[in-house]
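Derivation of every value follows stated rules applied to the coordinates shown; laboratory data play no part. All figures in this text were calculated on a predicted structure; none of them were measured in a lab. Note that we place each Cβ from the backbone using ideal geometry, even for glycine, and neighbour counts take in every protein chain shown.
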Amino acid sequence: MGILICPVCGQKLTVSGKAYTCTARHSFDIAKSGYVNLLLSKHTGKTVHGDNRFMVQARRNFLEKGYYSPLRDALCEKVHNGVILDAGCGEGYYTAGISEVLNNSEIYGIDISKTAVEFAAKRCKNITFAAASVFHIPVADSSCNSLVTIFSPYCGKEFRRVLRKGGTMFMAIPSEMHLWELKKAVYDTPYKNEVKPYELEGFGLAGKNRITYKFQLDSRQDIQSLFSMTPYYYRTGKVQQERLKALDSLEVTADFELLIYRRTL
Ligand SMILES: C[S@@+](CC[C@H](N)C(=O)[O-])C[C@H]1O[C@@H](n2cnc3c(N)ncnc32)[C@H](O)[C@@H]1O
Ligand SMILES: [Zn+2]
């Protein structure tokens with residue numbers, strides 16, 4: 001059992017004491033929180049990648065309040081037992097949800113943010129978390145029955161490589177009206193989200209489920225947590241950020257699409 005491979009030489013990794021090692025003696029320490037760092041510096045570049053501590057904490061605070069639980073529930077209804085990889089798992093909200101409903105599975109989560117997998121590993125001891133990039137996934141070819149990608153970067157080549165033929169990919173994307181009122185509160189002329197064509201090379205669309213509802217944010221802190229989880233946070237000027245800070249409550253539309261693909265090639 002175990003699907004992790006060495007990021008240096010590609011051989012199988014096994015746990016030995018407090019590290020993962022391969023037969024070529026490359027060794028990767030397991031952190032106190034339980035995750036293993038399989039990121040090689042050549043795969044990350046010079047700058048820090050992925051969500052930082054502030055963003056991870058904001059996401060944890062927000063998700064823990066259940067605002068996105070309809071998406072988690074929809075996903076958990078569809079997943080089935082097997083070897084499952086959550087690629088770009090963040091702080092593990094959806095990965096943990098999956099592990100609660102499946103009792104006979106081997107579940108993995110990877111994220112390029114060490115802070116994110118640290119949070120995830122502390123929460124969930126029966127899932128293997130690794131710091132790794134979706135563009136260099138340290139798991140064996142055709143080793144996964146299912147792959148989960150929730151608002152995270154997409155790498156078709158790697159996703160096809162790690163999924164077995166006929167395997168399932170669960171993908172969540174924001175649909176047209178997602179967070180419309182938040183954008184309206186910040187921007188003078190907000191735009192609807194662009195929904196890209198569903199076709200993906202090597203995958204056939206097997207199902208889609210639109211999940212749309214409104215939720216009420218009743219504190220400045222929750223409004224800020226949601227805002228700092230979004231890409232708008234870093235693209236928005238001071239004046240617009242101040243507009244949001246002046247609000248005590250906000251009703252927001254959640255508009256997701258949960259897409260289900262089968263690996264065909
Ligand atoms: C919008 S968050 C979604 C996290 C999680 N799936 C969720 O919905 O709560 C995007 C995540 O992708 C991660 N990420 C960004 N680039 C990545 C890469 N190249 N490989 C793996 N993860 C990446 C970020 O660190 C962040 O945790
Ligand atoms: Zn090795």
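How much of the pair distance distribution for the chain lies past 26 Å, counting alpha-carbon pairs only, in percent?
Of all Cα-Cα pairs in the chain, 43 percent lie more than 26 Å apart.
5 Å is the cut-off here: which amide hydrogens, built 1.01 Å from N in the peptide plane, fall below it relative to residue 83, excluding neighbours closer than 5 in sequence?
Amide H to amide H, under 5 Å and 5 or more residues apart or across chains, residue 83 pairs with 106, 145, 146.
Provide 110, 137 in ascending order of the number of other Cβ atoms located within 10 Å of each residue's Cβ, fewest first.
Least to most surrounded, the residues fall as 137, 110.
So what is the relative contact order for the chain, in percent, with contacts set as C-alpha pairs under 8 Å and at least six apart?
18 percent
Order these peptides, 139-148, 12-21, by their mean beta-carbon neighbour count within 10 angstrom, highest first.
Final packing ranking: 139-148, 12-21.
What trypsin sites (Lys or Arg not before Pro) in the range 73-152 are in a loop by DSSP, with at most 13 other Cβ atoms within 10 Å of the Cβ?
Of the trypsin sites (Lys or Arg not before Pro), the ones in loops of the range 73-152 whose Cβ has at most 13 other Cβ atoms within 10 Å are 125.
With labels modelled as points extended 7 Å from the Cα through the Cβ direction, what inter-label distance (nm, one decimal) is found for residue 196 paired with residue 19?
If labels sit at residue 196 and residue 19, their model points lie 3.9 nm apart.
Quick one: 191, 108, fewest Cβ neighbours within 10 Å first, how do they rank?
With the fewest neighbours first, 191, 108 line up as 191, 108.
What order, most packed first, do the peptides 205-212, 55-62, 247-254 have when packing is the mean number of other Cβ atoms within 10 Å of each residue?
Descending mean neighbour count gives 55-62, 247-254, 205-212.
When DSSP beta bridges are limited to those with both residues in the chain, what percentage is antiparallel, rounded to the nearest 5?
Among the beta bridges of the chain, antiparallel pairing accounts for roughly 60 percent.
For each of 84, 30, count neighbouring Cβ atoms within 10 Å of the residue's Cβ, then give the residues from fewest to most.
In order of increasing Cβ crowding within 10 Å: 30, 84.
Could you work out which residue, out of 77, 106, 118, moves most in a Gaussian network model of the chain, that is, has the largest mean-square fluctuation with Cα springs under 10 Å?
77
When the chain is modelled as a GNM with alpha-carbon springs shorter than 10 Å, which of 132, 246, 24 fluctuates the most?
246
Kindly provide the helix-only [θ] at 222 nm of the chain, computed as the sum of -39,500 (n - 2.57) over DSSP H runs of four or more divided by all residues, to the nearest 500 deg cm²/dmol?
Using -39500 (n - 2.57) per qualifying helix, the result is -8000 deg cm²/dmol.
In nm, to one decimal, how far is the modelled label at residue 54 from the one at residue 238, with both set 7 Å along Cα→Cβ?
Using points 7 Å along Cα→Cβ, the separation is 1.5 nm.
Where a ≥ b ≥ c are the square roots of the eigenvalues of the C-alpha gyration tensor, would you call the range 41-133 rounded, which needs a/c under 1.5, or, failing that, prolate if a/b is larger than b/c, or oblate?
oblate
Within straight cross-link reach of residue 18, meaning Cα distance under 24 Å, which lysines are found once same-chain residues fewer than 8 apart are removed?
Hits, sequence-local ones excluded: 32, 114, 122, 125.
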